[in-house]
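Please read the structure below before turning to the comments.
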Amino acid sequence: MSTVGKAISLLELFTPKEPEIGLSDIARKSGLDKATARRLLMALAEHRLIEQEPLSRRYRLGAGLSRLARMRDAHLPFVRVAAPIVRELALETGETVHLSEFSAGALLTVHVELSARANRVSVDVGQILPLHGTASGIAFLAFSRPETIEAHFGKPLTAFTQHTMTSREAVMGAVRLAATRGYSRSAQGYEEGVHSVAAPILGSDGFPIGTLAVASPLSRIDDAIAERQGEAAREAGRRISTELTGEQWHASVPLRQR
């Protein structure tokens, strides 16, 4: 891995559950020796991408990342436009709703509205969602370019649970169904006991730039509830697509010719 890659990998160690990490833990988690980890952290700190808490001496993400995020949001206001609609969908369904953006070949969770219920599904901002193992991924593939789909099948499909689809045939069957009805449905494909429905968010070219998903405990779901959630997600995705692009996209058309 290049030096730049190693430095970026340190940034990815920080999570909402662990926003501050000490040097020893950073070295252990990254597989680097402490001297190398410290040198990379100092380089990141020079650009305000990392900062050190004065009392504990633990490291946390720096304000420089916020500056970059604001610049990106000013140009590509994905989360700012989508967040109010995601919040409405969470209130309507009473379940956790999460928003993902496609970047560098993966779906990255960029916004989450947690259910107010005690028994709920928790999703972390920054979580990467596998395309074949999640409702979000299936919804994304259902409206993607053929080359995007082929690229995903160019590597083995990891099984996350005993219910994960790991064959091309099974995944493509789910993709075709999602393209026909405009939303996808997945039960325990990524996490035991979790059911999700998801819909694509389309860009100005008619291809997806991300997805939004409703995640529920499997025990609360039957076919009628799943259908209502799916239709609500599809409508929310259409609204976000329209606000972002000004186009009246409808994610309920047959799968594009492959």
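Here are the numbers for this structure:
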quantity: Some residue of the stretch 67-86 being surrounded by 15 or more Cβ atoms within 10 Å (Cβ to Cβ), free of Cβ contacts under 8 Å to residues at least 60 places away in the same chain and under 24 Å from SER2 (Cα atoms); calculated: no
quantity: Failed criterion for ILE149 (all others in (1) more than 18 Å from the chain's Cα centre (by Cα); (2) in a helix (DSSP H, G or I) hold); calculated: (1)
quantity: Hey, THR211 in contact (Cβ under 8 Å) with a residue 12 or more places away in the chain and under 13 Å from LEU131 (Cα atoms) or not; calculated: yes
quantity: Any hit, the stretch 43-53, residues being surrounded by 12 or more Cβ atoms within 10 Å (Cβ to Cβ), touching a residue at least 60 places away in the same chain (Cβ under 8 Å) and out of contact with any Leu (no Cβ under 8 Å at 6 or more places or on another chain); calculated: no
quantity: Residues being among the polar types (S, T, N, Q) and surrounded by fewer than 17 Cβ atoms within 10 Å (Cβ to Cβ) - total across the stretch 179-193; calculated: 1
quantity: ASP223 being loosely packed, with under 14 Cβ neighbours inside 10 Å, modelled with pLDDT under 95 and among the charged types (D, E, K, R); calculated: no
quantity: Test: residue in the stretch 231-248 that is assigned to a loop (DSSP other than H, G, I, E, B), at pLDDT below 95 and touching a helix residue (DSSP H, G or I) at 6+ places or on another chain (Cβ under 9 Å); calculated: yes
quantity: Residue that is over 19 Å from ALA215 (Cα atoms), out of contact with any helix residue (DSSP H, G or I) (no Cβ under 8 Å at 6 or more places or on another chain) and either open to solvent by less than 10 Å² (accessible area, probe 1.4 Å) or modelled with pLDDT of 90 or more (or both), where the choices are ALA104, ALA90, ALA159, ALA118; calculated: ALA159
quantity: Among the candidates ARG145, ARG176, ARG168, residue that is open to solvent by 30 Å² or more (accessible area, probe 1.4 Å), within 25 Å of PHE78 (Cα to Cα) and either basic (Lys, Arg) or touching a Phe, Trp or Tyr at 6+ places or on another chain (Cβ under 7 Å) (or both); calculated: ARG145
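To keep it simple, each residue is scored yes or no on (1) within 30 Å of ALA159 (Cβ to Cβ); (2) modelled with pLDDT under 90; (3) open to solvent by 30 Å² or more (accessible area, probe 1.4 Å).
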| residue | (1), (2), (3) |
| --- | --- |
| TYR59 | no, no, no |
| THR96 | yes, no, no |
| THR109 | yes, no, no |
| GLY126 | yes, yes, yes |
| ALA135 | yes, no, no |
| ALA139 | yes, no, no |
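The values are calculated or read from the model by the stated rules, or taken from the named source; none is laboratory data. Quantities reported herein were computed from a predicted structural model and do not represent experimental measurements. Reconstructed Cβ throughout: ideal geometry from the backbone, glycine too, with neighbour counts over all protein chains shown. Remember, those area values only see protein heavy atoms, side chains included, never the ligands or the DNA or RNA. Shrake-Rupley method; radii C 1.70, N 1.55, O 1.52, S 1.80 Å.
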